[in-house]
Amino acid sequence: MTNFHTPLSIDFFEKPTLNLAQSLLGCLLVKETPESICSGYIVETEAYMGPEDRAAHSFGNRRTKRTEIMFGRSGLVYTYQMHTHTLVNVTSGGVDKPEAILIRAVEPVEGIERMQQRRSLQDVKKLTNGPGKLTKALGITMQDYGSSYTKPPIYITSGIIPEHISIGPRIGIGNSGEAKDYPWRFWITGNSYVSK
DNA sequence: CTTATGATCCACT
DNA sequence: GTGGATCATAAGT
């Protein structure tokens with residue numbers, strides 16, 4: 001809790017999306033608010049590969065006010081409202097490709113009591129094991145849309161080195177044709193905070 | 001203005 | 001594993 005976190009520099013995010021998705025595993029996602037600081041290790045991610053990915057918001061280069069941020073540089077915060085939940089992504093692919101990485105789960109590290117308050121739930125194992133849950137626990141909102149992960153109040157720092165990484169098909173995109181079987185989901189093998 | 005559609009969660013079987 | 005709640009976003013009338 002007394003650690004001073006140094007955000008990763010922008011060049012960390014300037015690598016191929018599928019590569020970055022794996023590099024993010026084990027990194028510490030930090031969210032600062034006026035009254036507290038909450039953080040967690042990223043344990044599960046999913047890649048959304050832009051124009052060629054039917055499951056992505058940017059499929060077919062569909063560019064709207066909402067997806068606009070994906071057409072910008074890498075390493076930005078793309079928050080999205082879904083079924084009363086906020087989901088958080090890291091933009092990737094640079095200015096040429098509208099790609100993004102969804103953070104699906106984190107392992108609570110700092111501010112756990114604050115997270116329990118926000119979620120009205122004691123069970124730490126279930127606090128952040130889903131994309132909609134971790135945003136509520138950490139206090140990430142649409143206010144963070146367009147911010148950069150290289151500076152407060154929301155940023156990413158180096159964390160732990162995963163022992164082993166698993167790869168598999170993504171979740172919750174059943175009506176996306178062929179794209180639903182692509183192995184673009186990554187998680188830390190055996191970690192109990194990964195969503196089911 | 002109206003309608004369709006989810007990158008989800010939770011309760012229940 | 002299945003289904004309903006519930007609402008912001010986008011496209012159609």
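The values are calculated or read from the model by the stated rules, or taken from the named source; none is laboratory data. Worth saying up front: this structure is predicted, and the values here are computed from it rather than measured. Glycine gets a Cβ as well: all are built from the backbone with ideal geometry, and neighbour counts include every protein chain shown. Just so you know, the surface numbers come from the protein's heavy atoms only, side chains and all, with ligands and any DNA or RNA stripped out. Shrake-Rupley method; radii C 1.70, N 1.55, O 1.52, S 1.80 Å.
Within segment A:125-139, one or more residues are under 17 Å from the mean Cα position of the chain (by Cα) and away from DNA strand B (no atom under 14 Å from the Cβ). Here segment A:123-143 is the region considered, the condition is being outside any loop (DSSP other than H, G, I, E, B) and open to solvent by less than 10 Å² (accessible area, probe 1.4 Å), and the residue that is nearest to A:H85 (Cα to Cα) is A:T135. The residue pairs whose first member lies in segment A:4-29 and is at positive phi, whose second member is surrounded by 19 or more Cβ atoms within 10 Å (Cβ to Cβ) and in a loop (DSSP other than H, G, I, E, B), and whose beta carbons are closer than 8 Å, counting only pairs six or more residues apart or on different chains, are A:G26/A:G159; A:G26/A:P162. Taking into account only those residues within segment A:75-86 that are near DNA strand B (Cβ under 7 Å from one of its atoms) and in contact with a strand residue (DSSP E or B) (Cβ under 8 Å, 6 or more places away or on another chain), which is least open to solvent (accessible area, probe 1.4 Å)? Filtering first and then ranking leaves A:Y78.
Residue-by-condition table, conditions (1) of a type in the set (A, V, I, L, M, F, W, C); (2) more than 19 Å from A:S148 (Cβ to Cβ); (3) open to solvent by 10 Å² or more (accessible area, probe 1.4 Å); (4) free of Cβ contacts under 8 Å to residues at least 40 places away in the same chain:
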site	(1), (2), (3), (4)
A:A47	yes, yes, no, no
A:R54	no, yes, yes, no
A:V88	yes, no, no, no
A:E99	no, no, yes, no
A:A105	yes, yes, no, no
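Considering only residues that are of a type outside the set (A, V, I, L, M), more than 16 Å from DNA strand C (Cβ to nearest atom) and outside any helix (DSSP H, G or I), look in segment A:95-119 and name the one that is farthest from A:K136 (Cα to Cα).
A:D96
Within segment A:160-196, the only residue that satisfies the criterion of being open to solvent by less than 40 Å² (accessible area, probe 1.4 Å), among the basic types (K, R) and in a loop (DSSP other than H, G, I, E, B) is A:R170.
Evaluate segment A:146-153: report whether one residue or more is surrounded by 15 or more Cβ atoms within 10 Å (Cβ to Cβ), of a type in the set (G, A, S), within 16 Å of DNA strand C (Cβ to nearest atom) and not in a helix (DSSP H, G or I). Yes, because at least one residue in segment A:146-153 is surrounded by 15 or more Cβ atoms within 10 Å (Cβ to Cβ), of a type in the set (G, A, S), within 16 Å of DNA strand C (Cβ to nearest atom) and not in a helix (DSSP H, G or I). A single entry from A:G94, A:G72 fulfils the requirement of being more than 8 Å from DNA strand B (Cβ to nearest atom), farther than 22 Å from A:F186 by Cβ and not β-branched (V, I, T): A:G72.
When you look at A:S195, is it modelled with pLDDT under 95, touching a strand residue (DSSP E or B) at 6+ places or on another chain (Cβ under 6 Å) and either more than 16 Å from DNA strand B (Cβ to nearest atom) or not charged (D, E, K, R) (or both), yes or no? Taking the combined requirement at face value, the residue satisfies it. Among the residues making up segment A:20-41, those that are open to solvent by 20 Å² or more (accessible area, probe 1.4 Å), out of contact with any Lys or Arg (no Cβ under 8 Å at 6 or more places or on another chain) and either among the aliphatic types (A, V, I, L, M) or under 27 Å from A:H164 (Cβ atoms) (or both) are A:Q22, A:Y41. Do we have any residue at all in segment A:17-36 that's within 15 Å of the chain's Cα centre (by Cα) and among the basic types (K, R)? So far as segment A:17-36 goes, yes, one or more of its residues are within 15 Å of the chain's Cα centre (by Cα) and among the basic types (K, R).
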